[in-house]
1. How many times 2.2 N^0.38 Å is the alpha carbon radius of gyration of the stretch 58-182?
2. Considering only the stretch 63-181, what is the antiparallel percent among its DSSP beta bridges, to the nearest 5?
3. Could you work out the relative contact order of the stretch 63-181? I mean the mean sequence separation of Cα pairs under 8 Å and 6+ apart, divided by the number of residues, in percent.
4. In whole Hz, with x marking every Gly and Pro, tabulate ³J(HN,Hα) for the stretch 166-178 from phi via Karplus 6.51 cos²θ - 1.76 cosθ + 1.60, θ = phi - 60°.
5. Please give me, ordered by residue number, the trypsin sites (Lys or Arg not before Pro) of the stretch 127-166 that lie in loop per DSSP and have at most 13 other Cβ atoms within 10 Å.
Amino acid sequence: MSQHADSTRPPTRRGFFLAAAQLGLASFATVIGTRALGAQSAATRVAKWAAERAATDVALPPMTVYKDPNCGCCTEWVSHVRKAGFVVTVRDTADMSSVKASFGVPSALESCHTARVGSYAIEGHVPADLIQRLLREQPVARGLAVPGMPQGSPGMEQGAPKDAYEVLLFDKAGKTRVFASR
């Protein structure tokens, strides 16, 4: 007897694995198995997991970070973006002004380090999830910036009081808009 999409009977184990294979998730389906979850709930969880991954996964381009060789908070920020999945090359330089100018970072937005990821400049302690969002949405912009060094931003977590801060999207003309508030 064939199963129809509108059938109230749960799919068979074979049907579950066929559906998972069509989604490219056969190995995931094998790991969670159907014995503990039941065929219906396992299929639902696999489909939900696949949808969540498709919505959040972006092939992350490599990132190059320019920083002063003696800056500890910059090193902490590099660790933060690496933990988020970015492959990072670090370029230590004492001439950060030239780097910022070459990437078109307005002086009002400057912080201690500057990164390049894809076609975007990332200035300062921008959270990794917002860089991923930038890469997913691909707005017409030069990049993101967290001006200054707000306490509690990635790389600046030392100390109890955390500052509220804005992550700004900036364009080639130097115009900004709030991309996110933290």
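Bear in mind these aren't lab numbers, they're just calculated from the coordinates by the rules spelled out. Note that the structure is predicted; figures quoted are calculated from it, not measured. FYI the Cβ positions are ideal-geometry reconstructions off the backbone, even for glycines, and counts take in every protein chain you see.
1. Numbers: Rg = 13.1 Å, N = 125, 2.2 N^0.38 = 13.8 Å.
In units of the globular-protein estimate, the stretch 58-182 measures up at 0.95.
2. 65 percent
3. Working: 230 pairs, mean separation 27.5, N = 119.
It comes to 23 percent, rounded to a whole number.
4. These are the phi-based 3J(HN,Hα) values: 10, 9, 9, 8, 10, 10, 4, 7, x, 6, 10, 8, 6 Hz.
5. Counting only loop positions with at most 13 other Cβ atoms within 10 Å, the trypsin sites (Lys or Arg not before Pro) in the stretch 127-166 are 162.
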